[in-house]
Structures are given as C-alpha cells and as structure tokens.
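Enquirer: Take this structure, written in structure tokens, and hold onto it; I'll ask about it next.
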Amino acid sequence: MLTRRRFLQTVSAAAALWPAAAVLHSPSARGNAAALRLSWRPYELRLRHAFGVAGNTRSSTQGVQVQLEYEGVTGYGEASMPPYLGESAASVMEFLGRVDLTPFRDPFRIEEILDYVDRIAENNAAAKAAVDIALHDLVGKLLGQPWYRIWGLSPEKTPSTFYTIGIDTPEKVIEKTKEAPAFPILKVKVGRTPDEDREMIRAIRAVTDRPIAVDANQGWQEKSMALDMIGWLSEQGCVLVEQPMSKHSPDQIAWITERSPLPIIADESLQRLWDIPALSGVFSGINIKLMKCTGMREAKKMITAARLLGMKVMIGCMTETSCAISAAAQLSPAADWADLDGNLLIANDNFKGVQVSETGKLLLPEEPGIGAVPKDSGV
Ligand code: MG
C-alpha cells in the first residue's frame, strides 16, 4: 500500500526534479495504491558543437524525459528524437498520452507491459524506448540491482566508447580532434565526395594516428567508389565502416562487404529485431540503438539474434543524456564496440550515470536499475 507519508515523499522528490514551470502530464495518476504512474516533460538537448552528418547539421535535439512511479520508487527514462526518424517531442507526448498502465499492477511483468506499449502504434520507437527504459530502471531499483548484473554480464568487459567528430571544415576538424579526449577510437562522419572525405581523414591524421571508425550515413552513391574509399581508409588506420550506402541498396552493400578489408556495420538499414535476418550476408555486424529498437528489452534480444547469425555488435546512441546512455551501457559488456558518447556531446546533461575513464572505457555504476540519477535530486 502507498502510505500517505510515502506518497508525500514521492511528490516532494518529483517536485525537486521537475521544475514548477515544466508542463507535467500524468493521465494515469489517479492516486491508486500500487499503480504504475507515468509522467513526462519535454527537454531540449543543446549540443556543445553544431553536429554535421551527411544530409544535415543541427545544434540541438528534441527530447522528452519520463518518470514511472510505483509504490514510492521512481524509474527514469528518455526519448531523444533526431529529425530523420519522424518523431518529435509532440509526437512522443501524444503517444505517451495513449499509454494507460493502470491495468498493470506488477511492474515485473516487463514482457506483458512492453508488448502492450508496442501494440499501441506501429512506429514511435523513441517514445516506446522512454517507457522501456523507465520500466527497467524501476524494476532494477525494486530488485536493488543494476541491469548488467540481472543479465549476468561482467562489468569489466565494457568496451571503450568511440568519440564522434562530425563533418566540418578541415580547420574545425583539427580543432575538434585536438579537443577530443584520449579515447582509443575516434568515430568520424564521412559520406560526401571522395575528395571531401579524404580531406577530413587527412585533417585528423595531421593531429593523431589513433584508429578511426568511419560512418558514411548512407552517403556513398556507387559501390566501386565506396570499395575504393574503404581500401584507402583501411590504409589510413580505420577499423570499421558504418552504413556505406543507402539502406535501399542491400545488394550493393553485400558486394562491398564481401570484398571489404574492414567490417561493414548496419545502422540505417536496421531498426528492430525482425530486420536482422535479412542483414545476414549483407553486413558484418549491426549497430543497435535503444531509440530505434524500442529499448532495452528488444536490444538484448537483438544481440542474441546477431550472435546466432555470427554478426558483430555495436551499441550506439542518439544525442541523449546520461539517462538513456546509462541504460544502453548496461548492455555494452555484450558488445564488440560501444558508440555511447551522446551525453558527452551535450551541454545540458541533467543526469549522472555511466562514467568513462581517461581512455574511454565505460565504467558502469553500481546503482540499481539503469544506474542514472537526476543531477538535481540530491542523491
Ligand atoms: Mg551511424
């Protein structure tokens, strides 16, 4: 039973986190004992640097942060919307308004609850991920354990995260590379013309000989040109190539993968679990992102599916706070690579969670759930 004292503690904790000016929605908050109470607010993520990829440049990303409360315990979650996936803060909040968790009295029924959330609408992956992350955080807290332990993963097996450098002028790229922390692998956005891409890599090579993971974001137009570029990138100390060509060109990508000296990783070609079988033989591995695949529950299943097919696994992210990044990091001991620097690229991260060592290794917190706490909660 939710006692009056516990209820007041919950309300005052929520008030400390959610500024009075923020619009707080909570359609399922009816004061019921042992009810799952979902609430949310928009939160705009401001980037430290304007961020360029093949196709667009942006300086902020829309987000929505959610809370899921149950018997005085609060789970936190987050949706982050890059413009290209068709979700917005408004569409996420519209979706969340349709989520009615009042029939569910047991938060441990994760499969049943998230199956229901998934069936509400066909898309809305980021909105679904926000609920998924908050539910995992809540259940981990009720169990008193972080998810890497619940899943049986070894925290010392976390990879080092990549550090991403967006498309920019050579001068800016040199400046950003000098500023970059001493992580073992830099991730570089390419996918423009061969001359522009070579110029970008040469600018980085003028400053460092660290390994580079390149992401073409579907930018290369022709398979022979892409393979030539990959051969050159291999000689430049690159270690993998993400999404060399359009997701609508699987045959050309398979041709490249068969001949490539570097692993070819699917990102835009992949969204959810059921996309994976068709990628076997087309790509060497997959980049799993919580905001694309509806969250931690499905991401875990995707790792199993990829391993079954002999594929490599990268855990990636959008621009996110330490809330969603910490949730993704719980899975990272099971991945070959982690590209989880989204929180390091924003200026207004309002969560404290997974840390990185000086060499970029992900350090999982011992806190239960997703291991992230709001910075202004006094925790
Ligand atoms: Mg990518």
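The values are calculated or read from the model by the stated rules, or taken from the named source; none is laboratory data. Everything quoted here is computed from the prediction, not taken from an experiment. Using ideal geometry, Cβ is built from the backbone for each residue, glycine included, and neighbour counts are taken over all protein chains shown. In case anyone asks, the SASA skips ligands and DNA or RNA and just uses the protein heavy atoms, side chains included. Shrake-Rupley method; radii C 1.70, N 1.55, O 1.52, S 1.80 Å.
Enquirer: Using Cα centres only, tell me the gap between the stretch 153-211 and the stretch 232-263 in whole Å.
Expert: About 18 Å separates the Cα centre of the stretch 153-211 from the one of the stretch 232-263.
Enquirer: Rounded, prolate or oblate for the stretch 149-377? Axes are the square roots of the Cα gyration tensor eigenvalues, ordered a ≥ b ≥ c, and the cut-off for rounded is a/c under 1.5. List each step's numbers first, then the result.
Expert: Values: a/c = 2.02, a/b = 1.23, b/c = 1.64.
It comes out oblate by the Cα gyration axes.
Enquirer: Might you report the magnitude of the Cβ-based charge dipole of the chain about its Cα centre, with Lys and Arg at +1 and Asp and Glu at -1, to the nearest 20 debye?
Expert: Magnitude of the dipole: close to 900 debye.
Enquirer: So how much slack lies between residue 109 and residue 157, counting 0.36 nm per residue of separation and subtracting their Cα-Cα distance, in nm?
Expert: 14.4 nm
Enquirer: So which GluC sites (Glu not before Pro) in the stretch 189-254 pass both tests, a DSSP loop state and at most 14 other Cβ atoms within 10 Å of the Cβ? The partial results should precede the final answer.
Expert: Working: sites: 196, 199, 222, 235, 242; in loops: 222.
In loop regions of the stretch 189-254 (DSSP not H, G, I, E or B), the sparsely surrounded GluC sites (Glu not before Pro) are 222.
Enquirer: Moving on. Within the stretch 344-379, which residues have the backbone N less than 16 Å from the label spot 7 Å out from residue 179 along Cα→beta-carbon, could you tell me?
Expert: Answer for the stretch 344-379: 344-349.
Enquirer: Roughly how many Å² is the accessible area per residue of the chain, as a whole number, for a 1.4 Å probe?
Expert: Per-residue value: 41 Å².
Enquirer: Note down the nm distance, to one decimal, between modelled labels 7 Å out along Cα→Cβ at residue 100 and at residue 199.
Expert: Using points 7 Å along Cα→Cβ, the separation is 5.8 nm.
Enquirer: Need one number: % antiparallel among DSSP beta bridges in the stretch 149-377, to the nearest 5. Present the calculation step by step, with values, prior to reporting the outcome.
Expert: On the way: 5 of 29 bridges.
Close to 15 percent.
Enquirer: Could you state the angle between the C-alpha long axis of helix 125-143 and the longest principal axis of the C-alpha atoms of the chain, as a value from 0 to 90 degrees rounded to the nearest 10?
Expert: Result, in degrees: 60.
Enquirer: Moving on. Expressed as an acute angle from 0 to 90° and rounded to the nearest 10, what is the orientation of the C-alpha long axis of helix 194-205 relative to the principal long axis of the chain?
Expert: Once rounded, one gets 70 degrees.
Enquirer: Taking all protein chains together and a probe of 1.4 Å, list 156, 320 from the most accessible to the least accessible.
Expert: If we order 156, 320 from most to least accessible, we get 156, 320.
Enquirer: Let me ask something else about it. Using a Gaussian network model of the chain whose springs link C-alpha atoms within less than 10 Å, name the residue from 302, 245, 229 with the highest mean-square fluctuation.
Expert: It is 229.
Enquirer: Give the distance, in whole Å, between the Cα centre of the stretch 103-136 and the Cα centre of the stretch 313-341.
Expert: That distance is 20 Å.
Enquirer: Compute the angle between helix 4-17 and the longest alpha-carbon principal axis of the chain, please, reported from 0 to 90 degrees and rounded to the nearest 10.
Expert: 30
Enquirer: Can you run phi through the Karplus equation (6.51, -1.76, 1.60; θ = phi - 60°) for the stretch 356-365 and list ³J(HN,Hα) in whole Hz, with x for Gly and Pro?
Expert: Karplus values, whole Hz, x for Gly and Pro: 10, 6, 4, 9, x, 5, 6, 10, 6, x.
Enquirer: Carbon and sulfur atoms: what percent of the 1.4 Å accessible area of the chain do they account for? All intermediate terms of the calculation are to be shown ahead of the outcome.
Expert: Values: 7910 of 15430 Å².
Accessible surface attributable to carbon and sulfur in the chain totals 51 percent.
Enquirer: Assign one of three labels to the stretch 259-338, namely rounded, prolate or oblate, based on the Cα gyration tensor with a ≥ b ≥ c the square roots of its eigenvalues; rounded applies when a/c is under 1.5, prolate when it is not and a/b is larger than b/c, and oblate otherwise.
Expert: The shape class here is prolate.
Enquirer: Can you tell me which of 278, 328, 129 moves the most in a GNM of the chain? Springs connect C-alpha atoms under 10 Å apart.
Expert: Looking only at 278, 328, 129, the largest GNM fluctuation is found for 278.
Enquirer: Straight-line reach only, C-alpha to C-alpha below 23 angstrom: list the lysines that residue 189 could link to, leaving out same-chain residues fewer than 8 apart.
Expert: 172, 176, 178, 223, 247, 289, 292, 312, 361
Enquirer: For every helix of n ≥ 4 consecutive DSSP H residues, a contribution of -39,500 (n - 2.57) applies; sum these over the chain, divide by its total residues, and give [θ] at 222 nm rounded to the nearest 500 deg cm²/dmol.
Expert: When only DSSP H runs of four or more count, the value is -10000 deg cm²/dmol.
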